[in-house]
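Peer 1: The structure follows.
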Amino acid sequence: MATWNSLPLEITYQVLGWIAFFSWSFSFYPQVILNFRRKSVVGLNFDFLVLNLTKHSSYLIYNASMFFSPVIQRQYREKYGFGEMIPVAANDVAFSTHAVLLTAFTLCQALIYDRGNQKVSKTSIAITAAVWVSAAVCVVIAWPTQSWLWLISVFNTIQVIMTVIKYIPQAIMNFTRKSTEGWSIGNILLDLLGGVTNYAQMAVQSIDQVSWVNFYGNVGKTLLSLCEEESTEKMVSNRNLGIGRRSRSGTSRSRSKLRSDAPVLKVF
């Protein structure tokens, strides 16, 4: 079994991992708090919530299986080398568990708070159904040969795909409404911090082990951070663009109002 070569790097790895955990975990709370204060979920896209729950459920299956199953760990080392460390840490399992619970809680808020005429789209329902049916088929395929590493890699791939598409409905909704009211930007800023520290954690492990296997041995985690960073940058840009438009619109209206309210000098 692989061990750490440097105690300082091991400590750094643990610290970065828990920073990523708290960043990603806290990213759920701004939206939950905003919903609670407004007693409304108008402005929060329900497709985003459904896709996000599928994403985090898939990631939890991968992380928990890799972290707790000796059989899967053995299959991993048979594939990538017996001297390699598994690419999942305790903070990954903790984050995934917390993410599933908080996403489910936010969905419960959508059921009890004012939601206007918002509902889950048929497209989102179809995507979610297709994902879980495909996952069930993969379980049937993996069962006879005990290909558990391959199976959890499928779930890892699912969470990456969900990460790529989950913000799209929210972005379209924000653009259509020309408003981000009801949607908290705090979640994506904390997502960005979590993604950066997650990459740093993986790099520290690679430096200590003099190997980059943990990057391509856990492609899902690698792409997760990249997708989170890209999605965050785009969503922040869209929000700033919307704010800029509203500001310019507000400025124009203010100027018009000033012109209309200004005294008029009549010359006879």
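Peer 1: Could you say whether any residue in the stretch 97-116 is modelled with pLDDT of 95 or more, more than 30 Å from Arg38 (Cα to Cα) and not hydroxyl-bearing (Ser, Thr, Tyr)?
Peer 2: No, there is no match, as no residue in the stretch 97-116 is modelled with pLDDT of 95 or more, more than 30 Å from Arg38 (Cα to Cα) and not hydroxyl-bearing (Ser, Thr, Tyr).
Peer 1: Now for a separate question. Just to verify a result, which residue in the stretch 104-117, among those that are surrounded by fewer than 17 Cβ atoms within 10 Å (Cβ to Cβ), under 23 Å from the mean Cα position of the chain (by Cα) and among the aliphatic types (A, V, I, L, M), is nearest to Pro169 (Cα to Cα)?
Peer 2: Filtering the stretch 104-117 for residues that are surrounded by fewer than 17 Cβ atoms within 10 Å (Cβ to Cβ), under 23 Å from the mean Cα position of the chain (by Cα) and among the aliphatic types (A, V, I, L, M), the one nearest to Pro169 (Cα to Cα) comes out as Leu107.
Peer 1: Please pick out the residue among Ser225, Ser206, Ser179, Ser184 that is modelled with pLDDT of 80 or more, under 30 Å from Asn5 (Cβ atoms) and among the polar types (S, T, N, Q). I'd like the intermediate steps shown before the answer.
Peer 2: Values: Ser225 fails: modelled with pLDDT of 80 or more; Ser179 fails: under 30 Å from Asn5 (Cβ atoms); Ser184 fails: under 30 Å from Asn5 (Cβ atoms).
Checking each option against the conditions leaves just Ser206.
Peer 1: Restricting attention to the stretch 72-92, and to residues there that are in a loop (DSSP other than H, G, I, E, B) and among the small types (Gly, Ala, Ser), which single residue is nearest to Val210 (Cα to Cα)? Spell out how you get there, then give the answer.
Peer 2: Start the filter on the stretch 72-92 by keeping residues that are in a loop (DSSP other than H, G, I, E, B), which leaves 81-89.
Keeping just the survivors that are among the small types (Gly, Ala, Ser) gives 81, 83, 89.
Numbers: Gly81: 13, Gly83: 11, Ala89: 18 Å.
That would be Gly83.
Peer 1: Within the group Lys122, Lys79, which residue is basic (Lys, Arg) and touching a residue at least 40 places away in the same chain (Cβ under 8 Å)? It would help to see each step written out before you state the result.
Peer 2: Working: Lys122 fails: touching a residue at least 40 places away in the same chain (Cβ under 8 Å).
Being basic (Lys, Arg) and touching a residue at least 40 places away in the same chain (Cβ under 8 Å) holds for just one of Lys122, Lys79, which is Lys79.
Peer 1: A further question follows. Write out, first by first residue and then by second, each pair whose Cβ atoms fall under 8 Å of each other, whose residues are 6+ apart or on separate chains, and whose first residue, in the stretch 1-20, is in contact (Cβ under 8 Å) with a residue 24 or more places away in the chain and surrounded by fewer than 18 Cβ atoms within 10 Å (Cβ to Cβ) while the second is of a type in the set (Phe, Trp, Tyr) and assigned to a helix (DSSP H, G or I).
Peer 2: The qualifying pairs are Trp4/Tyr13.
Peer 1: Moving on to the next point. If I go through the stretch 118-151 residue by residue, how many of them are closer than 25 Å to Phe28 by Cβ, surrounded by fewer than 17 Cβ atoms within 10 Å (Cβ to Cβ) and not β-branched (Val, Ile, Thr)? First the steps, then the outcome.
Peer 2: In the first step, residues of the stretch 118-151 are kept if they are closer than 25 Å to Phe28 by Cβ; the result is 118-121, 123-125, 127-129, 131-132, 135.
Next, from what is left, pick out any that are surrounded by fewer than 17 Cβ atoms within 10 Å (Cβ to Cβ): 119, 121, 123, 125, 129, 132.
So of that shortlist, the ones also not β-branched (Val, Ile, Thr) come out as 119, 121, 129, 132.
Total meeting the criteria: 4.
Peer 1: Residues that are assigned to a loop (DSSP other than H, G, I, E, B) and among the β-branched types (Val, Ile, Thr): does the stretch 116-132 have at least one? Working first, answer last.
Peer 2: From the stretch 116-132, those assigned to a loop (DSSP other than H, G, I, E, B) are 116-121; that's our starting set.
Among the residues that remain, those that are also among the β-branched types (Val, Ile, Thr) are: 120.
Yes - at least one qualifying residue is present in the stretch 116-132.
Peer 1: Restricting to the stretch 47-71, count the residues that are surrounded by fewer than 21 Cβ atoms within 10 Å (Cβ to Cβ), touching a residue at least 12 places away in the same chain (Cβ under 8 Å) and either over 21 Å from Ala20 (Cα atoms) or in contact with a Pro (Cβ under 8 Å, 6 or more places away or on another chain) (or both).
Peer 2: Within the stretch 47-71, residues that are surrounded by fewer than 21 Cβ atoms within 10 Å (Cβ to Cβ), touching a residue at least 12 places away in the same chain (Cβ under 8 Å) and either over 21 Å from Ala20 (Cα atoms) or in contact with a Pro (Cβ under 8 Å, 6 or more places away or on another chain) (or both) number 2.
Condition check ((1) of a type outside the set (Lys, Arg); (2) more than 22 Å from Ala99 (Cβ to Cβ)) across all residues:
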{"site": "Lys122", "(1), (2)": "no, yes"}
{"site": "Ala126", "(1), (2)": "yes, yes"}
{"site": "Ser134", "(1), (2)": "yes, no"}
{"site": "Phe155", "(1), (2)": "yes, no"}
{"site": "Ile168", "(1), (2)": "yes, no"}
{"site": "Ser179", "(1), (2)": "yes, yes"}
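Peer 1: So, one more: Report yes if some residue within the stretch 156-172 is of a type in the set (Ser, Thr, Tyr), under 26 Å from Tyr13 (Cβ atoms) and at pLDDT 90 or above; otherwise report no.
Peer 2: Of all residues in the stretch 156-172, those of a type in the set (Ser, Thr, Tyr) come to 157, 163, 167.
So of that shortlist, the ones also under 26 Å from Tyr13 (Cβ atoms) come out as 157, 163.
Filter again for at pLDDT 90 or above, leaving 157.
Yes; the residues of the stretch 156-172 include at least one that is of a type in the set (Ser, Thr, Tyr), under 26 Å from Tyr13 (Cβ atoms) and at pLDDT 90 or above.
The values are calculated or read from the model by the stated rules, or taken from the named source; none is laboratory data. Just so we're clear, the structure is a prediction, and the values are computed from it rather than from any experiment. For neighbour counting, all protein chains shown are included, and Cβ atoms are generated from backbone atoms with ideal geometry for every residue, glycine included.
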